[in-house]
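Chemist: My questions all concern the structure below.
Computed from the coordinates by the stated procedures, all read-outs in this text should not be read as laboratory data. Nothing here was measured: the structure is a model prediction, and the numbers come from that model. So basically every Cβ, Gly included, is an ideal-geometry build from the backbone, and we count neighbours across all protein chains shown.
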Amino acid sequence: VYLVLDDSLRNIEIANQKTYTYGGIAGFVLMLLVSLVSIRAYRQKRKSEAAISIQKKIVEEKQKEILDSISYAKRIQDAILPAEKDLQNIFLDSFVFFRPRDIVSGDFYWINETNDFIVIAVGDCTGHGVPGGFMSMLGNSFLNEIIIEKNNTEPAEILNELRNKIMYALKQRGKDSETKDGMDIVLCRINKKTNELVYAAANNNFYIIYSHILFMYVF
């Protein structure tokens, strides 16, 4: 009887040892698998972070190139616009309020003085930023051509010719499917001898402040 009991206990101990051994091996294998998965995930994360870092650097470089290009375009636009001191040489009590919404402005102002007349214009082009800046360059260039080169000082004729030139430059034919790019503008001619003012406007109202009273001419 004692021998049988001893054998049974021994068998139980052996079985328990096998269980512990197999359990330890299974736990070790499981830990090894978890470690391998964690290492792989860590490496994947590092690769993803490296790729994101590279992409971020590329985006930042491209953004810097774009901003540098737009800033250079602003310098060109500033050089073309009349200087405030030049305006004050013509109109002593004058100032310029010019605050572009973006770096490059879709608004512009223009002035020219001859022996007889002063012609001044303020334009608001379609769009903001770079698109508006392109339109303002067109407006400035066409006014130079119409008024300075061709010596046309009739406000209504100037705006009509300006409209035709813009439509031709943008290949507009008056179709509904075409883009409606253009500009709203007011142009004034002042006779230096008689102080007579003649103006024309397109989609903009004309304002005069006289004796602290605002007069508005609606179109």
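Chemist: Determine the dipole magnitude for the chain: charges of +1 sit on the beta-carbon of Lys and Arg, -1 on that of Asp and Glu, nothing else is charged, the reference point is the Cα centre, and the result goes in debye to the nearest 20.
Modeler: 1040
Chemist: To continue, here is another question. Considering amide H positions built from the backbone, and no H for Pro or chain starts, which residues 5 or more places from Asn204, or on another chain, come under 5 Å of its amide H?
Modeler: Ile185
Chemist: Same structure again: Please report the projected area of the chain's Cα convex hull averaged over all directions, in nm².
Modeler: 26.4
Chemist: With everything on Cα atoms, drop me the angle between helix 155-169 and the longest principal axis of the chain, reported from 0 to 90° to the nearest 10.
Modeler: With both axes taken from Cα atoms, the answer is about 40 degrees.
Chemist: Convert 25 °C to kelvin, take the viscosity as 0.890 mPa s, use the Kirkwood radius over C-alpha pairs of the range 49-118 as Rh, and evaluate the Stokes-Einstein diffusion coefficient in µm²/s, rounded to a whole number.
Modeler: Stokes-Einstein gives a translational diffusion coefficient of 160 µm²/s.
Chemist: Considering the chain as a Gaussian network with a 10 Å cut-off on Cα pairs, which listed residue, Tyr72, Tyr199, Tyr207, attains the greatest mean-square fluctuation?
Modeler: Among Tyr72, Tyr199, Tyr207, the largest GNM mean-square fluctuation belongs to Tyr207.
Chemist: Can you give me the angle between helix 2-80 and the longest principal axis of the chain, using Cα atoms only, in degrees from 0 to 90, rounded to the nearest 10?
Modeler: Compared with the principal axis, the helix lies near 10 degrees.
Chemist: If one takes the longest principal axis of the Cα atoms in the chain, at what angle in degrees, from 0 to 90 and to the nearest 10, does the Cα axis of helix 129-143 lie?
Modeler: Approximately 20 degrees, to the nearest 10.
Chemist: Using θ = phi - 60° and the Karplus form 6.51 cos²θ - 1.76 cosθ + 1.60, what ³J(HN,Hα) does each residue of the range 184-194 get, whole Hz, x for Gly and Pro?
Modeler: 9, 8, 10, 10, 10, 10, 10, 7, 5, 8, 9
Chemist: Taking amide hydrogens as modeled 1.01 Å from N in the peptide plane, which residues meet the under 5 Å criterion relative to Phe117, leaving out close sequence neighbours?
Modeler: Amide H to amide H, under 5 Å and 5 or more residues apart or across chains, Phe117 pairs with Lys192.
Chemist: So, one more: Express in nm, to one decimal, how much length is gained between Val130 and Val218 on full extension, taking 0.36 nm for each residue of separation and deducting their alpha carbon distance.
Modeler: Full extension from Val130 to Val218 adds 28.7 nm.
Chemist: Considering only Leu143, Leu67, Leu162, give the residue with the highest GNM mean-square fluctuation for the chain, with springs between Cα atoms whenever their separation is below 10 Å.
Modeler: Greatest mean-square fluctuation among the candidates belongs to Leu67.
Chemist: In the Gaussian network model of the chain, springs joining C-alpha atoms below 10 Å, which of Thr153, Thr21, Thr126 carries the largest mean-square fluctuation?
Modeler: Thr21
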